[in-house]
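Remarks on the structure that follows.
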Amino acid sequence: MLRTKLQNAINGRMHKKKATARHNLFIQLTASEMGDWGERVEGHAYANQRVMVLAPHADDEAIGCAGVIQKYIRQNSPVRVLVVSLSLNVSRRYKKELSAYANYDGNVRLREFQQAMSILGVTDTHIFFPDKSKKQQYDSKLDTHPRAMLVEKIERHIEEFRPTVMFIPSITKHQDHEATHQAAIAATRPYFWNGSVFVYETDGELSFDPNFFVPLSEPEMNRKMEALQAYQTQLGNSRHPVNPDSLFHKAKFRGNQIYEDFAEAFRVHRLHG
């Protein structure tokens, strides 16, 4: 019995020394080696994926996903961005500063979308309903159309692109966001397509409880703000949620939740390992 106790004690001390040696080896890694290790971890997470981002409007993808999009692009994973509705004629947007609606040219917004995608490195983009009519038939009116029509559009891209992961918008006060979210949930039912689904944060959520955070580096955050800055027709003042300053502070807040400088927040709807 005594011999057994002594042997266990010796084994325990030897195990502790080995653990200490491993710890010392770890802390002696240089900053460069740690950076390489971080890149390898990121590469494993974002490489060899096929990514589909669904946005109710052109700018939602920049607000919610511009950071994570950069990570996939950097690892050469194909990214397809789908915008549901975009009016290509005169559109209206409420301006708090004017206490009234103001008009803008939808073709300008299209060019803004193209510029934002160029900033992020996205080359595969599609618009479900490019509305060329004089009256807005889809923009801000998706809830008036059959959901099955939107589900079919999403399904078609799933079959063609074959994504491994999808990012879909959260439910907000905007009726188009709710319609897009519900259609995406239907289109991604597991017996049709069983990849990973993440719900991203935009603006105007009544409730959003994230359980997945993606840390962003300062260059990634700067590029995210640059992408949003492209949407000049959509920006409000610094108190408005669609503004680079607001985006910066939201990313700081989400970063604080995981002890990082910046982060994007998501809700996991389904995670396929």
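Among the residues of region 45-74, those that are touching a residue at least 60 places away in the same chain (Cβ under 8 Å), farther than 18 Å from ILE154 by Cβ and aliphatic (A, V, I, L, M) comprise ALA62, ILE63, ALA66, VAL68. Can you find even one residue in region 105-120 that is open to solvent by 10 Å² or more (accessible area, probe 1.4 Å), in contact with a helix residue (DSSP H, G or I) (Cβ under 8 Å, 6 or more places away or on another chain) and basic (Lys, Arg)? No - not one qualifying residue is present in region 105-120. Just a yes or no: is a residue in region 216-225 under 20 Å from VAL51 (Cβ atoms) and touching an Asp or Glu at 6+ places or on another chain (Cβ under 7 Å)? Checked against the condition, which is being under 20 Å from VAL51 (Cβ atoms) and touching an Asp or Glu at 6+ places or on another chain (Cβ under 7 Å), region 216-225 yields at least one hit.
For region 76-92, does any single residue satisfy the condition of being open to solvent by 10 Å² or more (accessible area, probe 1.4 Å) and out of contact with any strand residue (DSSP E or B) (no Cβ under 9 Å at 6 or more places or on another chain)? Yes, because at least one residue in region 76-92 is open to solvent by 10 Å² or more (accessible area, probe 1.4 Å) and out of contact with any strand residue (DSSP E or B) (no Cβ under 9 Å at 6 or more places or on another chain). Taken over region 204-245, residues that are of a type in the set (S, T, N, Q) and without any contact (Cβ under 8 Å) to a residue 40 or more places away in the chain amount to 5. Consider ALA66 carefully, then state whether it is open to solvent by less than 10 Å² (accessible area, probe 1.4 Å), hydrophobic (A, V, I, L, M, F, W, C) and at pLDDT 95 or above. For ALA66, the condition - open to solvent by less than 10 Å² (accessible area, probe 1.4 Å), hydrophobic (A, V, I, L, M, F, W, C) and at pLDDT 95 or above - is met. Selection of region 204-226 for residues being closer than 27 Å to ASP139 by Cβ and under 13 Å from the mean Cα position of the chain (by Cα) yields only LYS224.
The values are calculated or read from the model by the stated rules, or taken from the named source; none is laboratory data. All values derive from a computational prediction rather than experimental measurement. Every residue, glycine among them, receives a Cβ derived from its backbone with ideal geometry; neighbour counts consider all protein chains shown. Please note that ligands, DNA and RNA were not included when accessible areas were found on the heavy atoms of the full protein model with its side chains. Shrake-Rupley method; radii C 1.70, N 1.55, O 1.52, S 1.80 Å.
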